[in-house]
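Computed from the coordinates by the stated procedures, all read-outs in this text should not be read as laboratory data. Bear in mind that the values here come from a model prediction, so they are computed numbers and not experimental data. Ideal geometry is used to build each Cβ from the backbone, glycine not excepted, and the neighbour counts take in all protein chains shown.
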Amino acid sequence: MRFLPLFWSGIWRKPARTVLIFLQVSIAFALFGMLQGLKTGVDHASAAARADLLIVHSRLSFLAESLPSGLIEQINSVPGVKLVVPVDIFGATYQKPSDRLAVVAIGLVGDWPSAFTYTIAPDYVAALQKLRTSALVRKELADKYGWKIGDRIPLMSNTAQVSGSTNWAFDVVGTFTDSDVGGARYIIVINLAYLDEARVLGKGTVQHFNVAISDATQAATVADEIDRRFVNSPQETKTESLLELAQSQTQSIGDMNFLIRAIVGAVLAALLFATATMLMQSVRERSLEFAVIKAVGFTDRAVFLIILAEALLVCVAAAGFGLALATVVLPLTAIMQGLSMPTIVVAVGLSLAVAVALISAAVPAVLAARLRIATALASG
């Protein structure tokens with residue numbers, strides 16, 4: 001610690017250069033943290049997705065094509081199926097067009113929450129059954145608008161009612177959370193029976209069915225049997241588990257491992273070059289200083305370690321700042337909910353910062369250590 005003032009004075013000999021190095025390293029490791037955090041979030045979503053929950057939708061389109069709600073009986077008859085819940089979804093806005101949310105209409109059959117990734121208190125489930133216009137609000141949405149139980153929510157939608165109005169109103173009877181990392185943050189759950197009764201178009205149809213099965217290991221077999229029942233019919237289906245959907249979404253993003261390695265590798269290579277160049281310039285400018293401290297007794301090894309220590313201080317501090325920034329920003333992104341910065345990413349990032357510091361400072365440190373006192377003093 002007694003050499004810390006020496007390191008500090010060397011670091012701030014050229015403040016502008018130090019700040020530039022700090023910003024370069026910070027940005028590089030903030031990018032590293034964001035990319036690794038995104039990858040971890042996607043991996044978590046895939047790993048946590050339920051294999052025992054199937055989604056049955058139209059083979060033509062998940063969103064654009066509907067299925068008759070009457071298919072529920074045929075799906076229920078498939079061996080291994082435990083529960084079938086019809087689901088329809090429509091978009092709505094609250095107060096202004098930018099305040100968008102999704103309204104999920106659910107057929108309240110049996111233990112319907114078990115066919116979802118929602119966590120709902122039993123009294124809220126019961127409350128949803130009692131009132132036709134009742135709604136459960138995802139906690140994040142309730143927090144955003146300050147909604148509480150008993151509030152009546154007016155919504156605007158393109159889904160028209162029998163009365164001709166496109167304005168809908170629902171009564172908040174509870175809140176819920178969703179463990180699906182990739183799920184939409186702003187959603188409310190309503191009674192499908194009320195939606196089907198009130199709307200003009202789409203009566204007797206649903207967007208998809210949530211199907212809970214008895215054995216997750218038989219998901220593929222059950223899915224194939226469900227689709228087989230509707231082959232060559234006007235309502236051909238495609239059945240996928242949540243796990244399969246999560247994996248397909250991951251694949252649609254591309255090879256994230258390759259992408260992250262390529263980006264991080266390019267950034268670190270550029271960072272090494274820039275940092276090494278600046279350190280080399282710093283050593284040249286300070287040759288007279290190094291000659292003086294050598295003259296008063298500092299060994300070549302000590303000078304070598306001084307350069308390394310200065311580089312370590314700047315790089316590790318900057319990397320820590322960049323990773324902290326990524327830790328704060330990552331959960332706020334709209335790319336995917338539930339993203340967080342794992343401790344291992346921070347540890348790897350700091351280790352990389354140490355490596356960057358040592359590699360970029362190695363050549364300048366060797367040159368400073370081999371500096372001849374007489375030559376440096378004569379040139380100074």
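Quick notes
- If you sort the three axes of the alpha carbon gyration tensor as a ≥ b ≥ c, you get a/c of 1.5 or more for region 106-158 and a/b above b/c, which makes it prolate.
- A Förster distance of 30 Å, applied to the separation of the beta-carbon atoms of Arg17 and Phe258, puts the FRET efficiency at 0.30.
- Among 32-38, 191-197, the peptide with the highest mean count of other Cβ atoms within 10 Å heads the list, and the full ranking is 32-38, 191-197.
- Value at 222 nm in deg cm²/dmol, rounded to 500, when DSSP H runs of n ≥ 4 in the chain each add -39,500 (n - 2.57): -17000 deg cm²/dmol
- For region 36-193: rounded, prolate or oblate by the Cα gyration tensor [a/c cutoff 1.5]: rounded
- When each of the peptides 307-316, 233-242, 101-110 is scored by how many other beta carbons lie within 10 Å of its residues on average, the order from highest to lowest is 307-316, 101-110, 233-242.
- Taking a Cβ cut-off of under 15 Å around Leu288, the surrounding Lys, Arg, Asp and Glu residues balance to a net charge of +4, with basic ones at +1 and acidic ones at -1.
- Legend: residue pairs Lys39/Lys148; Lys139/Lys203; Lys203/Lys238; Lys148/Lys203; Lys139/Lys238, Cα-Cα distance threshold 28 Å; pairs beyond threshold, Lys39/Lys148; Lys139/Lys203; Lys148/Lys203; Lys139/Lys238.
- Only one residue of Thr18, Val84, Val189 has its Cα farthest out toward the positive end of the dipole of the chain, where Lys and Arg carry +1 and Asp and Glu -1 on Cβ, and that residue is Thr18.
- Highest average packing first - 140-147, 162-169, 363-370, Cβ atoms within 10 Å: 363-370, 140-147, 162-169
- Calculated SAXS-style log₁₀ I(q)/I(0) at q = 0.11, 0.12 Å⁻¹ - the chain, Debye, Cα scatterers: -0.83, -0.92
- Given charges at beta-carbon only (K, R positive; D, E negative), |dipole| of the chain in Debye: 1900
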